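J.: Before I ask anything, let me first share the structure, which is written out below as structure tokens.
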Amino acid sequence: MTKLNLLDKIIVEIEYAIDTIHDKAVSEQSNKFIKNKNDLTLEDKSKSERLMRVNHMGEVCAQGLYRGQAYLSKDEKNKIQLYKMCQEEREHLKICRTRLDELKGRGSLLNGVWYASSFLLGAVAGISGEKYGAGFIEETEKQVSKHLDDSMEMLPKNDFRSRDILKYIKDDEEKHEKTAKQMGSKELPDNYKKVMADLSNIMKDISYYL
Ligand SMILES: [Fe+2]
Ligand SMILES: [Fe+2]
């Protein structure tokens, strides 16, 4: 296999980032989620669209976080595990995108910024050593699961389809949290957890509208 030099690796990452931000692929899994019996009202549709845009943005960030962490992780086994989880997150990205399209919605206008900041955050986790790196994944997935619970709660009552999708994604995120534990995660300091939560709240608030 050809070994990539630094410039090649940077180009691969830039291509991956562009591909992620513009990924319009329809998820083949979308057929398995329940369909709404009744059409949503305009108001409900708009609320679902905003919430699904936030969830789609979260999956864009997951791509950035995992790619950034894998990029700088020194441990080969961890790197493989990170790319594997990134692949699973990719499916979430497609599912959210598909649902956004169904709702005639759009992704966050700032997805490029969110991806870049997540990549940097992931890269910091990548150089923090294996145990804190795994701790970072564990904390991320924990916060994502909590966010998904809130999001399911906030969805319009009649939007069973979006709720079914988020439930499926949440099950996967919980598996990722367990995987991080198996990787020997070390709990992050409280102030680091708080910074992560504050940052994600800012991103969520902005993406709800933009
Ligand atoms: Fe995800
Ligand atoms: Fe995940």
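J.: On average, how much accessible surface per residue is there in segment 81-210, in Å², for a 1.4 Å probe, leaving out ligands, DNA and RNA? Each step should come with its number before you reach the end.
T.: On the way: 6390 Å² over 130 residues.
Roughly 49 Å² per residue, with all protein chains present.
J.: Round to the nearest 10 and give me the degree value, 0 to 90, for the angle of helix 160-182's Cα axis relative to the longest principal axis of the chain.
T.: 20
J.: Using only Cα atoms, tell me the angle between helix 111-126 and the longest principal axis of the chain; keep it within 0 to 90° and round to the nearest 10.
T.: 40
J.: Evaluate the relative contact order of segment 33-150 (contact order divided by residue number), counting alpha-carbon pairs under 8 angstrom at least 6 apart; express in whole percent.
T.: Numbers: 122 pairs, mean separation 43.2, N = 118.
The normalised contact order for segment 33-150 reaches 37 percent.
J.: How do the peptides 60-73, 117-130 rank, highest first, by the average count of neighbouring beta carbon atoms within 10 Å per residue? Don't jump to the answer; show the numbers that get you there.
T.: Working: 60-73: 24.6, 117-130: 19.8.
Those peptides, ordered most packed to least, come out 60-73, 117-130.
J.: Given a 1.4 Å probe and every protein chain left where it sits, what share in percent of the accessible area of the chain is carbon and sulfur? Write down the numbers at each step before the final one.
T.: Working: 6730 of 11560 Å².
Carbon and sulfur: 58 percent of the exposed surface of the chain.
J.: Within the set K178/K204; K77/K194; K131/K193; K3/K74; K146/K193, which residue pairs have Cα atoms separated by over 19 Å? Before the final figure, lay out the partial values.
T.: Numbers: K178/K204 25 Å; K77/K194 29 Å; K131/K193 15 Å; K3/K74 16 Å; K146/K193 13 Å.
Over 19 Å apart, Cα to Cα: K178/K204; K77/K194.
J.: How tilted is helix 76-102 with respect to the longest principal axis of the chain? Cα atoms for both, answer in degrees (0 to 90, nearest 10).
T.: Tilt of helix 76-102: around 20 degrees.
J.: Right, here's the next one. Charges on Cβ only, +1 for Lys and Arg, -1 for Asp and Glu, centred on the Cα centroid of segment 42-209; of N191, N201, M57, which one is farthest towards the dipole's positive end?
T.: About the Cα centre, the residue reaching furthest to the positive side is M57.
The values are calculated or read from the model by the stated rules, or taken from the named source; none is laboratory data. Keep in mind that what you see is a predicted model, and the values were worked out from it rather than measured. Counting neighbours? That spans all protein chains shown, and the Cβs are built from the backbone with ideal geometry, glycine included. Protein only, heavy atoms only, side chains kept; ligands, DNA and RNA dropped before computing areas. Shrake-Rupley method; radii C 1.70, N 1.55, O 1.52, S 1.80 Å.
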